[in-house]
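Worksheet: the structure to be examined is printed underneath.
The values are calculated or read from the model by the stated rules, or taken from the named source; none is laboratory data. Owing to the predicted nature of the structure, the values given are computational and were not obtained by experimental measurement. Counting neighbours? That spans all protein chains shown, and the Cβs are built from the backbone with ideal geometry, glycine included.
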Amino acid sequence: MTDAYGDALVAAVYEVEYGPLEGDVAWFARHSEGDRLLVLGCGTGRVARRLAEGRRKVTGLDLSPAMLAVARRKAPDLTWVAGDMRDFDLGRFDEIVIPNGGFAFLPTRADQASSLAACRRALKVGGALSIDLPMPDFGRWAQPHTPERTAWEGRIDDRPVRRTRETHRSLARQRLDLTDRYYVDDALATTSALRLRIMLPAELEWMLEASGFWVDRIVGDYANGPIRDGAPRILARAVAG
């Protein structure tokens with residue numbers, strides 16, 4: 001369980017670990033358009049701030065105050081909002097992006113449907129919604145449990161920090177339950193529980209269509225490779241009808 005210190009540590013590690021990533025940002029930028037952008041599950045704001053150039057309005061929404069504190073420090077000129085991607089009302093946008101598996105962190109199909117409905121309300125007709133999800137690793141689904149192992153190592157405030165991950169899988173429930181543990185100077189500092197609902201491309205496509213979108217494309221990696229067994233991502237771009 002995290003506390004204020006733990007939340008800040010998780011946010012700091014997230015920014016150091018994911019901040020340098022370029023592939024997803026480049027994919028969003030290649031397919032991006034419009035002056036008004038909303039990033040849902042924005043985390044520390046790395047995607048929003050890199051897509052901000054040339055736009056009139058960029059807003060990031062996230063549930064975590066600690067993540068948003070980093071976002072505000074990194075890009076104080078953008079708009080950062082504490083909120084829930086299942087139910088929000090922030091005005092109208094030309095484009096919405098849900099990066100880095102954020103849509104999978106909605107734990108039920110009803111939660112995901114509520115988020116898509118909120119996105120449709122927020123988009124103008126012809127506005128675009130882009131969603132980045134992990135493709136299920138079918139080889140690992142045969143393993144219901146992966147014990148704790150190191151997932152990332154680095155330094156925060158010049159102190160050694162290590163993040164480990166323990167994974168439980170339930171194919172029948174489409175659930176991936178992750179327990180991340182954060183060690184500072186080799187001492188456990190905080191634990192974070194993550195609950196994901198894993199989807200296949202066809203389910204995402206029909207959920208988008210049922211929510212008032214038509215699907216422009218679904219690809220399997222940031223180079224626009226096809227959806228296939230072994231593809232690392234499910235990248236969908238849909239247009240509000």
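Okay, here's what the table says:
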quantity	calculated
Leading residue by the ranking (surrounded by the most Cβ atoms within 10 Å (Cβ to Cβ)) among those in region 111-161 that are hydroxyl-bearing (Ser, Thr, Tyr) and not assigned by TED's automatic domain parsing to the domain that holds Glu15	Thr146
Subset of region 201-221 [in a loop (DSSP other than H, G, I, E, B) and either farther than 21 Å from Val39 by Cα or in contact with a strand residue (DSSP E or B) (Cβ under 7 Å, 6 or more places away or on another chain) (or both)]	Gly212, Gly220, Asp221
Where a residue in region 125-141 is modelled with pLDDT under 95 and its partner, wherever it lies, is charged (D, E, K, R), with Cβ under 6 Å and at least six apart	Trp141/Arg169
Any chance Thr108 is at pLDDT 95 or above, in contact with an Asp or Glu (Cβ under 9 Å, 6 or more places away or on another chain) and of a type in the set (Val, Ile, Thr)	no
Helices (runs of 4 or more DSSP H) contained in region 1-110 and holding at least 1 residues in the same structural domain as Val125 (by TED's automatic domain parsing), in contact with a Leu (Cβ under 8 Å, 6 or more places away or on another chain) and crowded, with 21+ Cβ neighbours inside 10 Å	23-30, 46-50, 65-74
